[in-house]
Every structure is written in structure tokens, then in C-alpha cells.
Amino acid sequence: MASTLRSMGGAAVAAAAMYWLDPASGRRRRARFRDQLRSAASDMWDGIVVGGRDLAHRLQGVAARARSTFDEDVIDDSVLVERVRTRLGRAVSHPGALDVTALRGRVILRGPVLAQEYPQLMRAVAAVRGVREIVDQVAVYTHSNGIPALQGGRPRQPQRFGLLQERWSPATRLVTGAVASALLVYGLRNRGTSALLGAVTGGALLVRTATNMPLSEWLGARGGTSIPIHKTLRVNAPVDQVFQLLSHYENFPLFMRNVRQVHTRPDGRSHWVVAGPAGVSVEWNAITTRLEPNRLLAWRTVSKAAVQHAGSIRFEPYNGGTRLEIQLSYRPPGGVLGHELARLFGADPKTELDEDLLRLKSFLESGKPPRDAAAHVPPDCIPTAEAAAPDGPQAVH
């Protein structure tokens with residue numbers, strides 16, 4: 001067992017050395033890693049500043065509420081109405097349907113409201129500072145059919161404790177991050193079960209604080225959250241030539257560094273072989289969902305693909321060339337945590353796409369194949385509109 005672990009450790013060290021010291025790309029990878037660390041440090045500092053400001057404002061609010069408990073003065077009616085109205089938007093989906101008036105601390109509510117929102121409406125109004133009594137003249141409806149004022153709108157969820165919300169406030173992230181850091185330091189400096197538990201809990205809370213997403217999302221435990229990518233590229237080449245190149249997926253290794261092979265079929269399906277971590281190949285199947293010559297190309301992976309994603313490319317003439325608008329969304333293996341780790345090392349799809357688009361632009365405009373593309377071809381192999389293959393992919397509906 002020990003020898004197996006040592007072998008695995010040696011293999012990992014060798015793979016890391018090959019990745020960082022690669023003569024062709026090692027220098028670029030190290031520089032990009034340093035840039036990512038600087039960017040992460042800058043984002044962390046900005047988060048601390050914003051979190052500190054938010055925490056200070058919240059503490060001021062707590063102090064003001066504490067002082068108000070000893071204040072016997074009656075709040076002006078107009079001020080009280082505005083306070084109530086600011087709470088309505090968080091309690092009901094149609095705050096404009098309610099009429100609010102006030103008279104020396106007595107708040108009168110009129111108008112329609114949905115039955116499932118009525119309890120949280122009453123709780124929200126009762127919690128407003130200065131409200132001494134609620135005069136309930138609200139009309140409660142079980143559904144919105146036939147009630148014009150209740151049409152549309154977005155359902156409101158009951159307000160939850162800060163740590164139970166999907167997205168934490170800056171103040172919550174700041175305080176939780178400080179506690180998590182203390183737990184992690186305690187766990188790393190001590191031994192025993194409690195220290196191990198502290199280290200694991202602190203590390204998990206730090207990642208939760210950094211990503212501001214539920215644990216199930218950044219681990220990919222509930223299907224994962226799709227990461228959206230939007231890019232625009234202008235190429236000094238005619239639309240038909242650019243479309244011809246990109247609509248035949250087997251051309252992608254000519255300008256993409258990690259796409260090794262693509263096999264297409266007339267029914268719009270394709271099989272992709274892509275270089276993954278440590279040089280291990282990753283394969284998946286995809287289908288073309290929309291194909292409009294010289295205008296639109298869209299695709300998605302089939303179910304249970306290794307890397308689930310979908311995307312589209314729009315082609316538009318632009319000053320004698322072509323403007324490409326690229327939309328891509330993907331679910332990274334390992335959830336958001338896997339995406340963040342890949343981004344730190346410059347191996348995420350967004351970084352790879354930036355570099356591949358530069359290769360594509362250079363390939364089409366200069367006629368010279370990129371040296372670091374997966375496939376090496378002579379300069380005269382750039383597809384043209386006249387060389388369109390008759391058996392190109394068809395859209396699958």
C-alpha cells in the first residue's frame with residue numbers, strides 16, 4: 001500500500017513538473033498562474049472592503065433599532081407609510097396592488113393579495129418600526145384568475161436567516177470567512193479528531209464564502225450550475241469562408257490546441273476527442289441542433305457526456321469581414337469548485353476559448369496554421385466556400 005502511494009505521489013510530481021516546465025507552454029502557464037493569483041488577491045481585498053462597509057452599515061442599523069425602543073415619539077404618518085411600502089416588495093409579488101395609509105401608528109392595508117403570501121405580508125408590516133396597530137382590510141384570494149391586479153409578478157420566498165440563503169450578503173461572507181480561517185488554522189496547527197473536523201469545516205466554509213454558492217452547487221452534487229461564456233470576434237474573412245470552416249467540426253483541430261479529433265456524421269452527430277488534464281483524452285458525443293448557412297450554428301452534447309455543454313455561433317457580415325457572436329454554457333466536472341481550480345491554472349473553457357479564437361482569427365486572415373494547434377497542416381488547407389463538402393452536418397430536431 002505504501003509503495004503504491006509513493007508511486008502515485010511520484011507520478012503526480014512528475015506530471016506537475018511536465019506541466020510547469022514544458023518548454024513550449026511552461027513559461028506562459030507560469031505567467032498566467034501568477035496573473036490569476038494577483039487577480040484572486042485583488043478580488044479578495046475588494047470583498048473584504050465591501051464586506052466591512054456592509055457590516056458597518058448593518059451594525060449602525062442594529063444600534064438605531066436599539067435606540068428606537070426607548071423612543072416614545074410618534075413617527076410621521078408619511079414616513080411610516082414609506083417604511084411599510086419598502087417592506088411590501090419583499091413580502092408579496094404584487095406590492096402595487098396594495099394601498100397603505102397610516103394614522104398615528106395605525107397602518108391601514110387595503111387591496112388584493114394571494115393567500116400564500118398573506119401571512120408573510122402581516123409579519124413584514126408588523127415588524128416595521130413605528131407600527132403600533134394593523135387595520136386589516138385586505139382581500140385574500142387563493143388564485144389570481146380574474147383579478148387584474150394580481151396578474152404576472154414573481155412569487156416571493158419567506159426571508160431566511162443569512163447563512164441559510166443561497167447567496168450570502170457581503171457582511172455574512174466577511175464574518176464567515178473570518179471564522180472559517182480561524183477553524184482552518186486551528187485544524188492545521190493541532191492534531192486529533194477535533195482538529196481534523198475544524199480543518200475540513202474551515203476549508204469548506206472558505207470555499208463557500210469565496211464562490212458565494214451553496215455547497216451542492218460548487219461540488220456539482222445537484223446537477224451543477226452552468227457557467228455562461230459570451231464572446232465576440234471580428235475576422236477579416238468573408239462570412240461564407242468562416243462558416244464553411246466552423247460548420248465542419250473536423251476542421252477544429254486545425255486551430256484549437258486541445259481538440260485532437262472530431263468525427264462527424266451526416267445526421268448531425270459528432271464524436272469529439274479532446275486532451276484533458278495530464279494529457280488524458282476526454283471524449284463525448286454532440287449533436288447539431290440548428291444549422292442556418294452563413295447565419296447560425298448551434299449544438300449541444302448528448303446526455304451523460306463527460307463535459308456537458310451547449311453553444312451557438314452567429315455569423316454576421318461586418319465591413320467586408322465577419323462578426324462572430326459566440327454563446328457557450330457548460331457544467332464543469334466537480335461543480336463550481338472544479339471550474340475555479342481550472343480557472344486558476346488557466347485550463348478552464350473560457351481561457352482556452354480566448355486562445356483558440358485568436359488562433360482562428362490568425363488562421364483565416366494570414367493563411368498560416370498555428371504552430372500550437374492540435375493538427376499541423378500546410379497553409380493551403382484552409383477551407384473555402386467553393387470547397388464546401390456536400391455531406392456537412394444536418395441539424396437534429
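Okay, here's what the table says:
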item: Gain in span if fully extended, Leu296 to Ala275, counting 0.36 nm per residue against the direct Cα distance; result: 4.9 nm
item: Prolate/oblate/rounded call for the range 234-273, Cα gyration tensor, a/c under 1.5 rounded; result: oblate
item: Separation in nanometres of the label points that stand 7 Å from Cα toward Cβ, at Ala182 and Ser312; result: 5.1
item: Protection proxy ranking, peptides 191-201, 287-297, average beta carbon neighbours within 10 Å, highest first; result: 287-297, 191-201
item: Estimated FRET transfer efficiency when R0 is 45 angstrom, pair Ala64-His143 (beta carbons, to 0.05); result: 0.65
item: Leu296 long-range amide H proximity, modeled H, under 5 Å; result: Phe315
item: Full-stretch length increase - Lys368, Arg34 - with 0.36 nm per residue and alpha-carbon distance subtracted; result: 117.2 nm
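We did not get these values from a lab; they are worked out from the coordinates using the rules stated. Every value quoted in this text rests on a predicted model; they were computed, and no experiment measured them. Backbone-built Cβ (ideal geometry, glycine too); neighbour counts: all protein chains shown.
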